[in-house]
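First up is the structure itself, then whatever we jot down about it.
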Amino acid sequence: MNPETAPDAEARRSTPPVRALLRVAVLISGGGSTLANLIERICDGRLRGVRIVQVVSSRPDVRGVEIARGAGLPLAIVQRRDFAALDAFSDALVHAIGQTPTDLVVMAGFLCRWRIPPPWRGRVLNIHPALLPAFGGQGMFGHHIHEAVLRSGATRSGCTVHLADDEYDHGPILAQREVPVLKDDTVETLTARVGQAERELYPEILQTIADRGTAWLDSFIRPVK
Ligand code: GAR
(Lines give C-alpha, C1' and ligand atoms only; values in the text may rest on other atoms or scores of the structure.)
Protein backbone atom coordinates (compact mmCIF):
# COMPACT_ATOMS: atom_id res chain seq x y z
CA MET A 1 0.00 0.00 0.00
CA ASN A 2 1.22 3.48 -0.82
CA PRO A 3 1.99 5.07 2.59
CA GLU A 4 1.00 8.50 1.24
CA THR A 5 -2.50 7.38 0.31
CA ALA A 6 -3.04 4.95 3.21
CA PRO A 7 -6.15 5.81 5.29
CA ASP A 8 -4.13 7.14 8.23
CA ALA A 9 -1.78 9.25 6.07
CA GLU A 10 -4.01 12.35 6.33
CA ALA A 11 -4.25 11.97 10.11
CA ARG A 12 -0.45 11.69 10.31
CA ARG A 13 0.00 14.82 8.19
CA SER A 14 -2.29 16.89 10.41
CA THR A 15 -0.86 15.65 13.72
CA PRO A 16 1.94 17.88 14.98
CA PRO A 17 5.20 16.01 15.61
CA VAL A 18 5.66 14.88 19.20
CA ARG A 19 8.33 17.02 20.86
CA ALA A 20 10.39 16.01 23.84
CA LEU A 21 9.44 18.13 26.84
CA LEU A 22 12.05 20.59 28.03
CA ARG A 23 12.53 19.62 31.67
CA VAL A 24 13.42 22.64 33.72
CA ALA A 25 14.68 23.18 37.27
CA VAL A 26 13.91 26.65 38.62
CA LEU A 27 16.14 28.27 41.24
CA ILE A 28 14.58 30.97 43.42
CA SER A 29 15.47 33.12 46.44
CA GLY A 30 12.52 35.41 46.94
CA GLY A 31 9.13 36.58 45.76
CA GLY A 32 8.72 33.99 43.03
CA SER A 33 6.97 36.27 40.55
CA THR A 34 9.22 34.92 37.78
CA LEU A 35 8.33 31.36 38.75
CA ALA A 36 4.62 32.25 38.99
CA ASN A 37 4.71 33.75 35.50
CA LEU A 38 6.25 30.57 34.05
CA ILE A 39 3.74 28.34 35.85
CA GLU A 40 0.84 30.48 34.62
CA ARG A 41 2.02 30.41 31.02
CA ILE A 42 2.67 26.65 31.07
CA CYS A 43 -0.81 26.08 32.54
CA ASP A 44 -2.65 28.30 30.05
CA GLY A 45 -0.70 26.98 27.06
CA ARG A 46 1.22 30.14 26.14
CA LEU A 47 4.47 28.32 27.00
CA ARG A 48 4.45 24.95 25.29
CA GLY A 49 6.71 21.95 25.63
CA VAL A 50 8.16 23.02 28.98
CA ARG A 51 7.76 21.21 32.29
CA ILE A 52 9.06 22.45 35.64
CA VAL A 53 10.43 19.30 37.27
CA GLN A 54 12.13 20.85 40.30
CA VAL A 55 12.19 24.09 42.25
CA VAL A 56 15.15 24.86 44.50
CA SER A 57 14.96 27.79 46.90
CA SER A 58 17.91 29.26 48.78
CA ARG A 59 15.47 30.46 51.45
CA PRO A 60 12.72 28.54 53.23
CA ASP A 61 10.49 31.45 54.19
CA VAL A 62 9.83 33.28 50.94
CA ARG A 63 6.70 33.69 48.81
CA GLY A 64 8.35 31.75 45.98
CA VAL A 65 8.32 28.63 48.18
CA GLU A 66 4.57 29.05 48.75
CA ILE A 67 4.05 29.44 45.01
CA ALA A 68 6.01 26.24 44.27
CA ARG A 69 4.10 24.33 46.95
CA GLY A 70 0.77 25.71 45.75
CA ALA A 71 1.54 24.48 42.25
CA GLY A 72 2.46 21.03 43.58
CA LEU A 73 6.02 21.25 42.27
CA PRO A 74 8.88 19.23 43.78
CA LEU A 75 10.71 21.61 46.09
CA ALA A 76 14.12 21.52 47.75
CA ILE A 77 15.61 24.12 50.10
CA VAL A 78 19.37 24.65 49.86
CA GLN A 79 20.55 27.52 52.04
CA ARG A 80 23.90 29.17 51.44
CA ARG A 81 24.46 29.68 55.15
CA ASP A 82 24.37 25.91 55.75
CA PHE A 83 27.65 25.52 53.85
CA ALA A 84 30.97 27.07 54.76
CA ALA A 85 32.44 26.65 51.30
CA LEU A 86 31.06 27.73 47.94
CA ASP A 87 31.92 24.34 46.46
CA ALA A 88 29.90 22.46 49.08
CA PHE A 89 26.92 24.76 48.47
CA SER A 90 27.27 24.24 44.70
CA ASP A 91 27.45 20.44 45.15
CA ALA A 92 24.26 20.54 47.23
CA LEU A 93 22.51 22.59 44.55
CA VAL A 94 23.61 20.20 41.82
CA HIS A 95 22.40 17.30 43.93
CA ALA A 96 18.98 18.96 44.38
CA ILE A 97 18.75 19.70 40.67
CA GLY A 98 19.81 16.17 39.78
CA GLN A 99 17.03 14.44 41.72
CA THR A 100 15.07 14.10 38.51
CA PRO A 101 16.16 14.15 34.83
CA THR A 102 16.58 17.81 33.90
CA ASP A 103 17.58 19.56 30.67
CA LEU A 104 17.91 23.16 31.79
CA VAL A 105 18.36 25.21 34.95
CA VAL A 106 16.50 28.52 35.08
CA MET A 107 17.54 31.05 37.70
CA ALA A 108 14.47 33.08 38.61
CA GLY A 109 15.58 35.67 41.12
CA PHE A 110 18.20 33.29 42.54
CA LEU A 111 20.57 35.59 44.33
CA CYS A 112 23.37 33.24 45.41
CA ARG A 113 26.56 32.76 43.49
CA TRP A 114 27.40 29.13 42.77
CA ARG A 115 30.01 27.22 40.83
CA ILE A 116 28.44 25.63 37.79
CA PRO A 117 30.11 22.26 37.15
CA PRO A 118 31.01 21.15 33.61
CA PRO A 119 27.87 19.09 32.88
CA TRP A 120 25.71 22.15 33.52
CA ARG A 121 27.83 24.83 31.86
CA GLY A 122 25.87 26.38 29.03
CA ARG A 123 22.65 24.95 30.43
CA VAL A 124 21.96 27.49 33.20
CA LEU A 125 19.96 30.62 32.39
CA ASN A 126 19.59 33.81 34.37
CA ILE A 127 17.38 36.87 33.99
CA HIS A 128 18.46 40.24 35.29
CA PRO A 129 16.34 43.40 35.37
CA ALA A 130 18.83 45.68 33.62
CA LEU A 131 20.68 45.90 30.34
CA LEU A 132 23.80 43.93 31.21
CA PRO A 133 26.71 44.41 31.44
CA ALA A 134 25.43 47.65 33.03
CA PHE A 135 23.92 47.54 36.52
CA GLY A 136 24.75 43.91 37.27
CA GLY A 137 26.93 42.09 39.75
CA GLN A 138 27.02 41.55 43.50
CA GLY A 139 24.67 43.86 45.37
CA MET A 140 22.67 44.64 42.23
CA PHE A 141 19.27 43.21 43.05
CA GLY A 142 15.77 44.49 43.65
CA HIS A 143 15.40 48.23 44.14
CA HIS A 144 19.19 48.77 44.13
CA ILE A 145 19.27 48.20 40.38
CA HIS A 146 16.52 50.64 39.48
CA GLU A 147 17.82 53.25 41.93
CA ALA A 148 21.21 53.05 40.25
CA VAL A 149 19.65 53.35 36.79
CA LEU A 150 17.64 56.44 37.83
CA ARG A 151 20.71 58.01 39.50
CA SER A 152 22.79 57.45 36.38
CA GLY A 153 20.42 59.46 34.21
CA ALA A 154 20.11 56.58 31.72
CA THR A 155 17.25 57.03 29.27
CA ARG A 156 16.69 53.32 28.75
CA SER A 157 16.72 50.21 30.85
CA GLY A 158 15.31 46.74 30.40
CA CYS A 159 16.14 43.15 31.11
CA THR A 160 18.68 40.59 30.00
CA VAL A 161 18.49 36.81 29.64
CA HIS A 162 21.92 35.21 29.61
CA LEU A 163 23.74 31.97 30.11
CA ALA A 164 25.14 31.99 33.61
CA ASP A 165 28.73 31.42 34.56
CA ASP A 166 30.38 31.50 37.97
CA GLU A 167 30.11 35.29 38.39
CA TYR A 168 27.03 37.30 39.36
CA ASP A 169 24.94 38.36 36.35
CA HIS A 170 27.65 37.31 33.93
CA GLY A 171 27.85 35.11 30.84
CA PRO A 172 26.87 35.14 27.15
CA ILE A 173 23.78 37.24 26.49
CA LEU A 174 20.90 35.46 24.75
CA ALA A 175 18.47 38.38 24.51
CA GLN A 176 17.64 41.79 25.90
CA ARG A 177 14.44 43.81 25.96
CA GLU A 178 14.64 47.57 26.33
CA VAL A 179 12.17 49.87 28.02
CA PRO A 180 12.35 53.67 28.23
CA VAL A 181 13.26 55.43 31.46
CA LEU A 182 10.80 58.30 31.76
CA LYS A 183 11.55 61.70 33.30
CA ASP A 184 9.10 61.24 36.17
CA ASP A 185 9.95 57.57 36.82
CA THR A 186 10.26 56.35 40.39
CA VAL A 187 11.83 53.07 41.46
CA GLU A 188 8.30 51.63 41.58
CA THR A 189 7.24 52.70 38.08
CA LEU A 190 10.53 51.58 36.54
CA THR A 191 10.39 48.24 38.40
CA ALA A 192 6.91 47.66 37.01
CA ARG A 193 7.90 48.51 33.42
CA VAL A 194 11.02 46.31 33.51
CA GLY A 195 9.03 43.55 35.25
CA GLN A 196 6.54 43.52 32.38
CA ALA A 197 9.45 43.13 29.92
CA GLU A 198 10.85 40.27 32.06
CA ARG A 199 7.53 38.46 32.11
CA GLU A 200 7.53 38.45 28.31
CA LEU A 201 11.19 37.86 27.50
CA TYR A 202 11.98 34.86 29.75
CA PRO A 203 9.09 32.73 28.45
CA GLU A 204 9.96 33.71 24.87
CA ILE A 205 13.51 32.44 25.32
CA LEU A 206 12.29 29.26 27.00
CA GLN A 207 9.86 28.71 24.13
CA THR A 208 12.74 29.05 21.66
CA ILE A 209 14.78 26.48 23.60
CA ALA A 210 11.79 24.13 23.85
CA ASP A 211 11.25 24.42 20.08
CA ARG A 212 14.88 24.24 18.96
CA GLY A 213 16.41 22.07 21.67
CA THR A 214 19.07 22.95 24.23
CA ALA A 215 21.77 22.59 21.54
CA TRP A 216 20.64 26.04 20.32
CA LEU A 217 22.38 27.43 23.41
CA ASP A 218 25.74 26.11 22.23
CA SER A 219 25.87 28.74 19.50
CA PHE A 220 26.24 31.39 22.23
CA ILE A 221 29.28 29.79 23.81
CA ARG A 222 32.66 30.80 22.49
CA PRO A 223 35.12 27.91 22.43
CA VAL A 224 37.87 28.24 25.05
CA LYS A 225 41.22 28.80 23.30
C1 GAR B 1 13.57 39.55 39.06
O2 GAR B 1 13.40 40.89 38.71
C3 GAR B 1 14.86 39.01 38.47
O4 GAR B 1 15.16 39.54 37.23
C5 GAR B 1 15.85 39.49 39.49
O6 GAR B 1 15.24 39.25 40.72
C7 GAR B 1 13.83 39.41 40.54
C8 GAR B 1 13.19 38.19 41.12
O9 GAR B 1 11.86 38.40 41.42
N10 GAR B 1 17.11 38.83 39.36
C11 GAR B 1 18.25 39.41 39.66
O12 GAR B 1 18.35 40.53 40.09
C13 GAR B 1 19.48 38.55 39.40
N14 GAR B 1 20.65 39.31 39.63
P15 GAR B 1 11.00 37.16 41.93
O16 GAR B 1 11.72 36.56 43.11
O17 GAR B 1 9.69 37.78 42.32
O18 GAR B 1 10.88 36.18 40.79
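The values are calculated or read from the model by the stated rules, or taken from the named source; none is laboratory data. All values derive from a computational prediction rather than experimental measurement. Note that each Cβ is placed from the backbone with ideal geometry, even for glycine, and that neighbours are counted across all protein chains shown. Note: accessible area is taken over every heavy atom of the protein model, side chains too, but ligands, DNA and RNA are not part of it. Shrake-Rupley method; radii C 1.70, N 1.55, O 1.52, S 1.80 Å.
For every helix of n ≥ 4 consecutive DSSP H residues, a contribution of -39,500 (n - 2.57) applies; sum these over the chain, divide by its total residues, and give [θ] at 222 nm rounded to the nearest 500 deg cm²/dmol. Rounded to the nearest 500, the figure is -10000 deg cm²/dmol. Here segment 96-225 is assigned +1 on the Cβ of each Lys and Arg and -1 on the Cβ of each Asp and Glu. Its dipole about the Cα centre then comes out at about 300 debye. The portion of the accessible surface of segment 65-158 made up by carbon and sulfur, rounded to a whole percent, is 53 (1.4 Å probe; DNA, RNA and ligands excluded). From the alpha carbon centroid of segment 192-216 to that of segment 87-126 is 18 Å.
Taking 7 Å steps out from each Cα toward its Cβ at residue 83 and residue 221 produces label points 2.0 nm apart.
Sorting the Cα pairs of segment 23-64 by distance into bins of 10 Å, from 0 upward, gives 30, 52, 17, 0 percent per bin. In the context of the full set of protein chains, the chain has a per residue accessible area of 54 Å² (1.4 Å probe).
Beta bridges assigned by DSSP with both partners in the chain are antiparallel in approximately 40 percent of cases.
When the Cα gyration tensor is reduced to axis lengths a ≥ b ≥ c, the ratio a/c is 1.5 or higher for segment 106-225, and with a/b above b/c it is classed as prolate. Here the chain is treated as a sphere whose radius is the Kirkwood value from Cα pairs; by Stokes-Einstein at 25 °C and 0.890 mPa s it diffuses with a coefficient of 131 µm²/s.
Full extension of the chain between residue 40 and residue 115 gives 24.0 nm of extra length, using 0.36 nm per residue less the Cα-Cα distance.
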